[in-house]
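Presented below is the structure to which this report refers.
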2 protein chains.
Amino acid sequence: MADVARLAGVAISTVSRALANPGRVNAKTRAKIDAAAKQLGYTPNAMARGLRIGKSNIIMIILPGSLHYGASQIIPQVLQSINRSLIQGGHNLMIANLDRDEVSERHILDLAFGGTVRGAIILSSKLPEVDGRSLANAGFPIVSMLLDMSDAGFPSVVTNDREAVRDATAELIRLGHRRFLYIAGPEGNYHDVERYGGVVEALDQAGLTAEAVRRSGGNLDYQHGFEIGVQAASDFARLTDKPTAVIATSDDMAISFVSCVQRTGLSIPEDLSVVSFDGSPVCEFCSPSLSTIEQPVDEMGQAAVAILLGATGQMENGPATRTVIRSKLILRESMAGPKS
Amino acid sequence: MADVARLAGVAISTVSRALANPGRVNAKTRAKIDAAAKQLGYTPNAMARGLRIGKSNIIMIILPGSLHYGASQIIPQVLQSINRSLIQGGHNLMIANLDRDEVSERHILDLAFGGTVRGAIILSSKLPEVDGRSLANAGFPIVSMLLDMSDAGFPSVVTNDREAVRDATAELIRLGHRRFLYIAGPEGNYHDVERYGGVVEALDQAGLTAEAVRRSGGNLDYQHGFEIGVQAASDFARLTDKPTAVIATSDDMAISFVSCVQRTGLSIPEDLSVVSFDGSPVCEFCSPSLSTIEQPVDEMGQAAVAILLGATGQMENGPATRTVIRSKLILRESMAGPKS
DNA sequence: CGCGCTATAGCAAACGATTGCCAAAAATCG
DNA sequence: CGATTTTTGGCAATCGTTTGCTATAGCGCG
């Protein structure tokens, strides 16, 4: 920076002001300084600035568990959308995995308390807490995405899981279905609770009871969607009084489920209608093409970033906001009326 | 840190030594210091340390173009594997997108020259270069993954694209196929060149000429795999003297291609065999299940990280290494002998 | 010409660690 | 117990910025 100042014939403090706070310096000198910086190939040191200012421009996204094999289809879209929004404001995205071990928790806490990151977007309901250090109550800006954690005090950006599934189920009922199979995510998980709730609500409204729906799954994480679908298919094979429609909580589940039941000779949608959640692009190219509930991932990412950057610091007062962005049911071949 | 020193009853310099260089301090005092740090919930400031040391512990991955909708299936696995490897050594992963605009190039250069990141893993053949600042010749540690850029001086971790496709094609020939359709990635792209080269080599070895293979695609990026497959299907419909086997350069292409041709009444593998590249988990659950060439993403990620961290600084001398990790052909239903 | 304003210079103190130095203290050993 | 080695203490410089302060320079304006 001293070199730039010398070359531009101005003082160091002026260079600093020109770069950090362009408003407070005359346009002409600013031009001189920019030219000098460019000529010297100067880039301000981010760590020195961060140290002085007391904040970084890095946001981390905390992903639950490992994204391993068969990761939930929407994660890449989530990353993409968040990253794009962040970059517009000159911020950067760092990835953090929250596994169920102390090492990863400690790692995340270090990132937060060590000042490396300025805030976090969380996709996990559990927050790291080790040795008395806790992310939750550190005044550290956090926004929850996909999961509604507004009750826990975190601004949340979610989609209308319950409603969307309710509508999809209602559509199945309208088509004439009366017996359902629900393929569940992990027991107690927010999405699972909401989505199953949606199913039951739709049944209610149609004068049916929860008896009309059987459950499969519940023991595995969303990351194992394909396995869950396979299990569900074998559960299905054992059912008497077979359901005529299936509601899966992720596209992966639906895809492997469909694949398995087709092998047993059933055809979709003639014997069985299927609808699932996520809106993965691949659903369009399955046979039959799969109806799915498309999550507005882009908008959610944008909203989460906007809230996080806007809210830096001013949390704590008043209840946390909850931003809901509606999902959209995409109707495809996998849904039709029951045979008889 | 001063507080920790006071509480532990030692000097600040001792605390620093205990935390940064545990070897040079007695086990007993170290325990005292750790206890004090824990009690106070102390986390060393990463930016201050980074500033003083002159390096950060952040590695960035530079992704080509946007990962947008229908992203190449393996990117999440790549991120996951790299992140896992990094974390073991106390490093962190930052995501950088290299779009074809100056803004994103400048952004990446700022990250590198501003000292925010310590090195980069690139998945893109083009490197940012703006205003005379260039990533390529900055002594900045870079490792290329998926693309072989060892000729350009970057250590590269790749799979044996050419060989793997050659073997897959040879297998198709062995099954009796003599006319092929090749669904291409973007013209001139490393993967496309290699993979197509593999096809031609296999033909050669079987005494066939390149006449035996038609090409489709070539105008779109891998991100648009589904579209490419759709196009390829319509190209296929127009072909006379139809190929009996299809080699696609990504799973996405194969999936949408299969979906489209099935709708025209063809059945796979009876009328047409299909094999593709990537090894996406979803291939197992397509109907028919798709043969695919599985990339060893995990091993490649680990290797890339190891090289990057090991090689910090010591580039430049000698030719860049090229690490090849073999892909594996997974045989599934989509490959069979031709009908007649 | 003097007044008020804005823009810049120059100085110095931070930000929170690391590290070299030397001396003092403690531990180890024969 | 004396000699030697290992550990600490205390000090101060340093990393590259930002920012508050005062003083000066320049400019427009009545």
Completion exercise
segment B:161-295: relative contact order from alpha carbon pairs under 8 Å, six or more residues apart, as a whole percent, is 24
Problem - Percent carbon-and-sulfur accessible area, segment A:161-295, ignoring ligands, DNA and RNA, probe 1.4 Å - result: 48
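Using helices alone, what [θ] at 222 nm do you get for chain B, with -39,500 (n - 2.57) per DSSP H run of 4 or more residues, divided over all residues and rounded to the nearest 500? Mind showing how you got there, number by number?
Working: 11 runs with 135 residues, N = 340.
Computed ellipticity for chain B at 222 nm equals -12500 deg cm²/dmol.
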Practice task
Give me the accessible area per residue for segment B:161-295, probe 1.4 Å, as a whole number in Å².
Solution key: 35
Practice task
Among A:Asp298, A:Asp278, A:Asp110, determine the one that fluctuates most according to a GNM of chain A built with springs between C-alpha atoms less than 10 Å apart.
Solution key: A:Asp110
Handout entry: Globularity ratio of the protein assembly as shown, using Cα Rg and 2.2 N^0.38 Å
Key = 1.05
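How much net charge surrounds A:Ser256 when only other residues with a Cβ under 9 Å from its Cβ are counted (Lys, Arg +1; Asp, Glu -1)?
My count for the surroundings of A:Ser256 gives -3.
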Completion exercise
Across A:Ala212, A:Ala18, A:Ala152, the residue with the highest GNM fluctuation in chain A (Cα network, 10 Å cutoff) is A:Ala18
Completion exercise
Interchain or sequence-distant (5+) residues whose placed amide H lies within less than 5 Å of the amide H of A:Thr292 are A:Ser276, A:Ile330, A:Arg332
Problem - Whole-Hz ³J(HN,Hα) from phi, Karplus 6.51 cos²θ - 1.76 cosθ + 1.60, for segment B:197-210, glycine and proline x - result: x, x, 4, 4, 4, 5, 4, 3, 4, 9, x, 9, 10, 5
Completion exercise
Under the Karplus relation with 6.51, -1.76 and 1.60 and θ = phi - 60°, whole-Hz ³J(HN,Hα) for segment A:238-243, x at Gly and Pro, equal 7, 6, 9, 6, 4, x
Problem - Charge context of A:Val157, other residues only, Cβ under 13 angstrom, K/R +1, D/E -1 - result: -2
Practice task
Averaging sequence separations of C-alpha pairs under 8 Å and six or more residues apart, then dividing by the length of chain B, give the relative contact order as a whole percent.
Solution key: 18
Practice task
Taking a label point 7 Å out from Cα toward Cβ, give me the nm distances from B:Thr321 to the same spot in the other copies, shortest first, one decimal.
Solution key: 5.1
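Summing both sides, how much accessible area is buried between B and A? Use a 1.4 Å probe and give Å² to the nearest 100.
On the way: alone 16560 and 16550 Å², together 28330 Å².
Summing both sides, the interface buries roughly 4800 Å².
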Handout entry: Sequence-distant residues sharing a close amide H with B:Thr116 (under 5 Å, placed H)
Key = A:Ala46
Completion exercise
Sorting from shortest, the nanometre distances separating the label point of B:Arg6 (7 Å past Cα along the line to Cβ) from those of the same residue in the other copies are 4.2
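What percent antiparallel are the DSSP beta bridges of chain B, to the nearest 5?
On the way: 5 of 41 bridges.
Among the beta bridges of chain B, antiparallel pairing accounts for roughly 10 percent.
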Exercise for the section: Specify the angular offset, from 0 to 90 degrees and rounded to the nearest 10, of the alpha carbon long axis of helix A:75-88 from the longest principal axis of the alpha carbons in chain A. Expected result: 30
Exercise for the section: Return the distance in nm (one decimal) between the two label points of a simple spin-label model at B:Asp241 and A:Arg179, each offset 7 Å from Cα along Cα→Cβ. Expected result: 5.6
Fill in the blank from the handout: Per residue of B:77-87, other chain Cβ atoms within 10 Å number on average 4
Practice task
Have a look at B:Gln39, B:Gln231, B:Gln295 and tell me which one the Gaussian network model of chain B (Cα, springs below 10 Å) gives the largest fluctuation.
Solution key: B:Gln39
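Keeping the other protein chains in place, figure out the carbon and sulfur percent of the accessible area of segment A:2-44, with a 1.4 Å probe. Display every interim value, and only then the final one.
On the way: 1350 of 2670 Å².
That share works out to 51 percent.
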Fill in the blank from the handout: Rounded to 0.05, the calculated FRET efficiency for the beta carbons of B:Gln88 and A:Ala2 at R₀ = 22 Å is 0.05
Problem - Cut-off under 5 Å, modelled amide H: who pairs with A:Tyr182 long-range - result: A:Arg214, A:Arg215, A:Ser216, A:Ile247
Handout entry: Copies compared at A:Ala152 - label distances in nm, ascending, label defined 7 Å from Cα in the Cβ direction
Key = 4.3
Practice task
Determine the percent antiparallel among the DSSP beta bridges restricted to the protein assembly as shown, to the nearest 5.
Solution key: 15
Practice task
Please give the residues of segment B:167-198, grouped as numeric ranges, whose backbone N is less than 15 Å from a label point set 7 Å along the Cα-to-Cβ vector of B:Glu211.
Solution key: B:178-180
Fill in the blank from the handout: With Rg from the Cα atoms and Rh as the Kirkwood inverse mean 1/r over Cα pairs, segment B:84-136 has an Rg/Rh of 0.99
Handout entry: Calculated Rg and Dmax of chain A using C-alpha coordinates, Å
Key = 25.2, 87
Handout entry: Degrees separating the helix B:251-263 axis from the principal Cα axis of chain B, which is the longest one
Key = 30
Fill in the blank from the handout: For segment A:60-154, the accessible surface attributable to carbon and sulfur atoms (probe 1.4 angstrom, ligands and nucleic acids excluded) amounts in percent to 48
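Once you list every other residue whose beta carbon is under 13 Å from the beta carbon of A:Glu201, what net charge do they have if Lys and Arg are +1 and Asp and Glu are -1?
Values: positive: A:Arg162, A:Arg166, A:Arg195; negative: A:Asp161, A:Glu163, A:Asp167, A:Glu194, A:Asp204.
Within the 13 Å Cβ shell, the charges total -2.
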Practice task
Work out from phi, with θ = phi - 60° and the Karplus expression 6.51 cos²θ - 1.76 cosθ + 1.60, the ³J(HN,Hα) of each residue of segment A:92-104, listed in order in whole Hz, and give x for Gly and Pro.
Solution key: 10, 10, 10, 9, 10, 9, 9, 7, 8, 10, 5, 4, 5
Practice task
Please work out the Kirkwood hydrodynamic radius for segment A:161-295, using every pair of different C-alpha atoms, and report it in angstroms with one decimal place.
Solution key: 14.3
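The values are calculated or read from the model by the stated rules, or taken from the named source; none is laboratory data. Everything quoted here is computed from the prediction, not taken from an experiment. Note that each Cβ is placed from the backbone with ideal geometry, even for glycine, and that neighbours are counted across all protein chains shown. Side chains are part of the model used for accessible areas, which takes the heavy atoms of the whole protein and leaves out ligands, DNA and RNA. Shrake-Rupley method; radii C 1.70, N 1.55, O 1.52, S 1.80 Å.
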